[in-house]
Amino acid sequence: MKISAIELREIHLPLRAPFRTNHGTIGDRRLLIVELQSEDKITGWGECSALAWPGYLPETIDGSLLALQKWLIPKMLEIEFQHPAEVAAILDNHVRGWEFAKAALQSAAWDLAAKAAAKSLAEFIGGQRKNVDVGLVLGLQDSPQKLLEKARAGIAAGYRRIKIKIKPGHDLEYLQALRQEFGDDFDLAADANSAYWLDHFEHLQKLDAFNLNFLEQPFGWQDHISHAKLQKLITTPVCLDESLRSLDDCRTMFALNSGRVINLKPGRVGGIKATLDIHNFCRKNKLPLWCGGMLESGIGRAVNIALASLPGFSLPGDLTPPDRYLQSDIIATPWHMDAQGQIAVPHDRPGIGVQIDRDSLEKVTLTTWRFR
Ligand code: MG
């Protein structure tokens, strides 16, 4: 398979409401969209979901843009591949890092190859589930009452799990309010985005009282040691997100017991190939995993939904349909979550299974770059 042309776009999608976490507030979503065209005129789509500022991880949209233009797209236009799994190693050769940028090109290559094989991406990668479970993520709220309002709406809509963002002084009272109102029977989790420090061990032990599915990334993104120390002190499983940028990081987590659950985002680990490797590692070692979200457009979310259909993705994913958080999307048929909190995997549609709405895409495009 050979790529004959690549179009790269920067798009700008306003959110319905700002999303607040420990690493900052997102008001509008800047994303990069890549469109690959093969020599036999098949089109593949991919999305770069890095954030606009380096609060989550060092890679940003501007950095990804540079990496794509300068190193990755020229390489992609040179190569020939039999299977899209080969693309990861080629892009990694002489270019370290830039996982989100690599994931965008890789996803597009997988979409293209699945379409060439007349298969859905889910089927192409071995996904079996017909439906995937969806969890809701609620950003930091101004008061427990505000959080309860949002949680009530989420539970009424059918979401399978509620995960809230927490930080010091913004945790016990909020979790307490949720358990008090909804009881112990619903799935609840907390994500700290590295908000805690080494003097918080005792405080974090109090979170065991809330019977959380997991406590996500309380400490720094490079700090396996503190996570391992905490995991020894608490019964709540620690889940890592920012700390896991490769299969090697997941192996480190497993060896050190710095976490017992994995939040997997294909952009964060460099794309579909690494996601499949990590998925297989988790199955072999009986580690629960689930698919995280980066406030993607309908294109990025399509990849996540296909991945979540794999058998090892055993917990609900942050897979909220994008039209619930974006004012407008760039796909013709929006993703739909049913009243049971599930999204149907489009096994009957080729590739990522979405039709691009070209008019909407044009409207939200800031700049387009064409290669070849
Ligand atoms: Mg997280």
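Assorted remarks:
- Cβ separations smaller than 6 Å between residues 6+ apart or across chains give the following pairs from segment 10-25 residues that are on the phi > 0 side of the Ramachandran plot to residues that are open to solvent by less than 40 Å² (accessible area, probe 1.4 Å): GLY24/GLY55.
- Yes/no for GLN205 being of a type in the set (S, T, N, Q) and more than 21 Å from the chain's Cα centre (by Cα): yes
- Qualifying residue in segment 185-193 (condition: in a helix (DSSP H, G or I), of a type outside the set (Val, Ile, Thr), surrounded by fewer than 17 Cβ atoms within 10 Å (Cβ to Cβ) and away from the ligand (no atom under 16 Å from the Cβ)): no
- Among residues of segment 101-121 that are touching a residue at least 40 places away in the same chain (Cβ under 8 Å), those with a Cβ under 6 angstrom from a residue that is charged (D, E, K, R) and surrounded by fewer than 24 Cβ atoms within 10 Å (Cβ to Cβ), sequence gap 6+ or separate chain, pair up as SER120/ARG349.
- Inclusion of LEU198 among residues that are open to solvent by 80 Å² or more (accessible area, probe 1.4 Å), more than 16 Å from the ligand (Cβ to nearest atom) and either at pLDDT below 95 or not hydroxyl-bearing (Ser, Thr, Tyr) (or both) is warranted.
- Listed by position, the helices (runs of 4 or more DSSP H) inside segment 205-315 whose residues that are of a type in the set (Phe, Trp, Tyr) and at pLDDT 95 or above number at least 2 form an empty set.
- Of all the listed residues (LEU207, LEU138), the sole one being over 24 Å from GLY341 (Cα atoms), within 16 Å of the ligand (Cβ to nearest atom) and crowded, with 19+ Cβ neighbours inside 10 Å is LEU207.
- Candidates PHE214, PHE219 - the one that is within 16 Å of the ligand (Cβ to nearest atom), in contact with a strand residue (DSSP E or B) (Cβ under 6 Å, 6 or more places away or on another chain) and under 21 Å from SER243 (Cα atoms): PHE214
- Answer residue from segment 36-72, given it is aromatic (Phe, Trp, Tyr) and open to solvent by less than 50 Å² (accessible area, probe 1.4 Å) and is nearest to TRP221 (Cα to Cα) among those: TYR56
- On inspection, ALA67 fails the criterion of being over 29 Å from ARG324 (Cβ atoms), assigned to a helix (DSSP H, G or I) and touching a Pro at 6+ places or on another chain (Cβ under 7 Å).
- Count of segment 349-372 residues which are open to solvent by 60 Å² or more (accessible area, probe 1.4 Å) and touching a Ser or Thr at 6+ places or on another chain (Cβ under 7 Å): 4
- Scanning segment 292-299 turns up no residue that is away from the ligand (no atom under 16 Å from the Cβ) and over 24 Å from ALA101 (Cβ atoms).
- Check on ARG30, closer than 30 Å to GLN217 by Cβ, of a type outside the set (A, V, I, L, M), in contact with a His (Cβ under 7 Å, 6 or more places away or on another chain) and more than 16 Å from the ligand (Cβ to nearest atom): yes
- Residue-level analysis places LYS163 outside the set of residues that are open to solvent by 60 Å² or more (accessible area, probe 1.4 Å), charged (D, E, K, R) and in contact with a strand residue (DSSP E or B) (Cβ under 9 Å, 6 or more places away or on another chain).
- The set of residues in segment 316-335 being part of a helix (DSSP H, G or I) and touching a helix residue (DSSP H, G or I) at 6+ places or on another chain (Cβ under 7 Å) consists of PRO322 alone.
- Matching residues in segment 73-96 - criterion: being in a loop (DSSP other than H, G, I, E, B) and open to solvent by 30 Å² or more (accessible area, probe 1.4 Å): GLN82, HIS83, ASN93, HIS94, ARG96
- Unmet criterion (only one of (1) open to solvent by 40 Å² or more (accessible area, probe 1.4 Å); (2) farther than 16 Å from LEU147 by Cα) for MET253: (1)
- GLU123 vs. criteria more than 15 Å from the ligand (Cβ to nearest atom) and more than 27 Å from SER246 (Cβ to Cβ): no
- ARG160 vs. criteria within 27 Å of ASP185 (Cβ to Cβ) and over 20 Å from the mean Cα position of the chain (by Cα): no
- Sub-6 Å Cβ pairs linking a first residue in segment 41-63 that is part of a loop (DSSP other than H, G, I, E, B) to a second residue that is of a type in the set (A, V, I, L, M), at least 6 apart or interchain, are ILE42/LEU112; ILE42/ALA116; SER49/MET294; ALA50/ILE61; ALA52/ILE61; GLU59/ALA50, ordered by first then second residue.
The values are calculated or read from the model by the stated rules, or taken from the named source; none is laboratory data. Only a predicted model underlies this, so the values are computations on that prediction, with no experimental measurement involved. All Cβ positions, even for glycine, are placed from backbone atoms using ideal geometry, and neighbour counts span all protein chains on display. Note: accessible area is taken over every heavy atom of the protein model, side chains too, but ligands, DNA and RNA are not part of it. Shrake-Rupley method; radii C 1.70, N 1.55, O 1.52, S 1.80 Å.
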